[in-house]
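The values are calculated or read from the model by the stated rules, or taken from the named source; none is laboratory data. Only a predicted model underlies this, so the values are computations on that prediction, with no experimental measurement involved. Here the Cβ positions follow ideal geometry from the backbone for every residue, glycine too, while neighbour counts run over all protein chains shown. Surface accessibility is based on the protein's heavy atoms, side chains included, excluding ligands, DNA and RNA. Shrake-Rupley method; radii C 1.70, N 1.55, O 1.52, S 1.80 Å.
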Amino acid sequence: MINSKKSYYEFLFQDSLNYQIVSGKAGIKKWFLNRLLSTPISDQLYIWKYIQTLRRCEYYHNTRKCKWGGKFLLYLYNLYKLRALSRVTGFQIPPNTIGPGLTIWHWGPLIVNGNSRIGENCTIRPDVVIGYKDRNGVAPIIGNNVTINSGSRIIGNGIVIGDNVIIAPGAVVTKSIPSNSVVAGVPAKIIKVNRVIE
């Protein structure tokens, strides 16, 4: 959770590792050419703007001391920007749901329930839905280093997905998944368990 300026910059640094060309880390020449010559399919600029705005919303929401202070107004402004970018990208990710190192590769529908929790270094591809079955349920909890491929659905009450899990394209996850697994199918089943070497 972002609760200080330091943690805000740490989250942004981790998020920027896969967006070096659009975040300026790959050099000013590549950054300029990417902005000038990007296509709608390869354009990561709006995705990076979305992630930056999401992190700013989290920072201003978590560090404000009173309801109507200056940080609250900045939170509302960034929330407005986040909604505008949602209409462009198709992403619906509430603040304080995803840890640092978030990577989203392409534009497209992406819905995350506000009560879900996703760990560090998560990779999400388009057309993913993460939520629970009914309002009285517990939203899914997803571990670190999880890859959620396009067309996947993680829907159910009390689902826990472990660390280092790969969810195949089009999989429908309705039950908990142990760490170091690869799952596929409708409903999703474990097709491979990766051995961890320590």
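List of remarks:
- Were the residues from Ile191 through Asn96 laid out at 0.36 nm apart, the gain over their Cα-Cα distance would be 31.0 nm.
- Extended-chain gain in nm, criterion 0.36 nm per residue less alpha-carbon gap, Leu45 and Tyr9: 11.1 nm
- Once both labels are positioned 7 Å from their Cα atoms along Cα-to-Cβ, the gap between Val160 and Asn144 label points is 1.7 nm.
- Per residue, region 99-198 exposes an accessible area of 50 Å² to a 1.4 Å probe, with every protein chain left in place.
- Apportionment of accessible area to carbon and sulfur, region 71-175, percent (1.4 Å): 55
- Pairwise FRET efficiency - Asp134 versus Ala84, Cβ, R0 = 45 Å, nearest 0.05: 0.90
- Cleavage-rule hits (trypsin sites (Lys or Arg not before Pro)) in region 156-198: DSSP loop, at most 15 neighbouring Cβ within 10 angstrom: Lys175, Arg195
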